[in-house]
1. Could you tell me which of rounded, prolate or oblate describes the stretch 278-430, using a ≥ b ≥ c as the square roots of the eigenvalues of the alpha-carbon gyration tensor, with rounded for a/c under 1.5 and, failing that, prolate when a/b is larger than b/c and oblate otherwise?
2. Among the listed pairs LYS166/LYS382; LYS222/LYS285; LYS330/LYS420; LYS420/LYS495, which have their C-alpha atoms separated by more than 21 angstrom in this model?
3. Would you please give the FRET efficiency between SER174 and ILE321, computed as 1/(1 + (r/R0)^6) with r the Cβ-Cβ distance and R0 = 35 Å, to the nearest 0.05?
4. Taking a cut-off of 20 Å, what percent of all Cα-Cα pairs in the stretch 471-559 are separated by more than that?
5. Probe radius 1.4 Å, ligands and nucleic acids ignored: give me the carbon and sulfur share of the accessible area of the stretch 445-532 as a rounded percent.
6. By per-residue mean of other Cβ atoms within 10 Å, what is the highest-first order of 161-170, 512-521?
7. Please report, in whole Å³, the volume per residue of the convex hull around the C-alpha atoms of the stretch 370-422.
Amino acid sequence: MEDDWKPLLCPVRMDDNSWDRGSTDSLDSKAKRPFHVEPKNIVEDDPQGRVSAEAAILNSRVHYYSRLTASADRLLSPPDHVIPRPEEIYIYSPLGTAFKVTGGDGSPKNPSIVTIFAIWNTMMGTSILSIPWGIKQAGFTLGIVILSAMGLLMLYCCYRVLKSPKSIPYMDTSDWEFPDVCKYYFGKFGQLSSLVFSMVSLMGAMVVYWVLMSNFLYNTGKFIYNYAHNINVSTPLFETNGTEIVICPYLPTQPGNNCSSNFLYLDTSSKNNSEVTLFDHWWSKTNTIPFYLIILLLPLLNFRSASFFARFTFLGTLSVIYLVILVTLKAVRLGFHMEFHWFDLTQFYVPEFRSLFPQLTGVLTLAFFIHNCIITLMKNNKHQENNVRDLSVAYLLVGLTYLYVGALIFASFPAPPLFKDCIEPNFLDNFPSGDILVFVARMCLLFQMTSVYPLLGYLVRVQIMGHFFGSHYPSFFHVLTLNIFIVGAGVLMAKFYPNIGSIIRYSGATCGLALVFVFPALVHMISLKRRGELCWPSTIFHSLLILFGIANLLGQFLM
């Protein structure tokens, strides 16, 4: 290199945006630039060709100097000539994957309003479909209380994750993600555990997507077929009569019973002729549709890059906005149907306090889960001093959205003549396939999930293949084998256990145990102890957080 002749430890002036020789309390902004990472972790098309030999040498030098920066002497921080050029710098995503920096240190930052809605858009997912069911499981009053309390609790834990890199003294943590923090405090086990539990959330999301895509494709096909053949499907005993039809696909055999498993399936399809029977045989929600999706989605999972599908992520925002509008219209047309029975069982209504409330806490753990990528999202905030405020506002918007959808669906569900226990884990299932507004919602969600599913599979592939083989695409055979396993998990769940509410709560409570409750609380207590600032109120509170995470997971298997 041309700059190799420069001294490694040369003092520079303050007016050159460098540090003072006597300063020991902060690092220079140049020293906080991200370090270069190995090409095997880079998410780009053909990344090997993008990394020069010079950059690889710089990588080794930076790692050498990073070991010296723990010293109190800031002169041992990496000099300018060993920092890679902006085009050779990469940062880490929440799962440890590297993404290329496209603007250097002077890249534009997002204003607070953009950051807030980016968090809102990232957190909004399939969980919104299960919020009304979760409120029904807990009881309306207790459900509202739990939703509000869980939002505040998850916000605090997310705040702890966001602040965790800054709790490490004498080290440049500007490019660190939470797995790196866990590695610092708990060694390789901490980093691996955080990544494994992040994978649990990804796999849980992919299984839920497969179940929902099977559901939406089935109802879309039913709508088109019935419309083309002028078939009117009706079940007058188990639906509302009027302009807004609401159905109860699973009739409670013992209305008012706290056990949500006492349901009788109602086949709402018409069997009046052999042609319809043949269609129902080949167009079954659990027996055929999950296998039809393999033809569409398995080839998409084998693409080397998922950049094409990333262009359609805006559809998630449009889908959520449409769902909010749909819920508002349905509530206005149906009206409110509420009676408050605090503990006693009734025929048409559920108690305000039910023992099944842990199912709602499990759903909300995933619904408010953004902890594995919050550091990355906040790095692009223009005003870093407003990070806590913007995070709080984003959580407030998410909580209000969940509360709005969940409360309106529960309150407007027509009981009588139906039972509040009829509210489905996917509240769209409470509307017939012939409902045009719901048909549009299912079509939008189907297309959006079809574009997002390969992105989730790509993240899973990068992590697993990068860990075991050192490359995110070692060979077509390796990738195909992994994708067959991923698709197989979705098909099996869609066929034998298509309950997205339970899938969400199990995966949410599992990944939340480590990434929401245990690791953030332990990291905060350890950092306070090392500074001599740990007091018994903080110890008790954060210990209770850990116990709550354990109880939240155990409660999913006991209820």
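The values are calculated or read from the model by the stated rules, or taken from the named source; none is laboratory data. This is a predicted model, so every value here is computed, not measured. Here the Cβ is made from the backbone with ideal geometry for all residues, glycine too, and neighbour counts use every protein chain on show. Note: areas computed on protein heavy atoms with side chains; ligands, DNA, RNA excluded. Shrake-Rupley method; radii C 1.70, N 1.55, O 1.52, S 1.80 Å.
1. Details: a/c = 2.16, a/b = 1.18, b/c = 1.84.
Taking the square roots of the gyration eigenvalues as a ≥ b ≥ c, the stretch 278-430 is oblate.
2. Numbers: LYS166/LYS382 18 Å; LYS222/LYS285 10 Å; LYS330/LYS420 16 Å; LYS420/LYS495 26 Å.
Flagged as over cut-off: LYS420/LYS495.
3. Details: r = 35 Å, r/R0 = 1.00.
Using R0 = 35 Å, I get an efficiency of 0.50.
4. Numbers: 2294 of 3916 pairs.
Beyond 20 Å sits 59 percent of the P(r) for the stretch 471-559.
5. Details: 2480 of 3340 Å².
The nonpolar share, carbon plus sulfur, comes to 74 percent.
6. Those peptides, ordered most packed to least, come out 512-521, 161-170.
7. Values: hull volume 4.5 nm³, N = 53.
Convex hull volume per residue, Cα atoms: 85 Å³.
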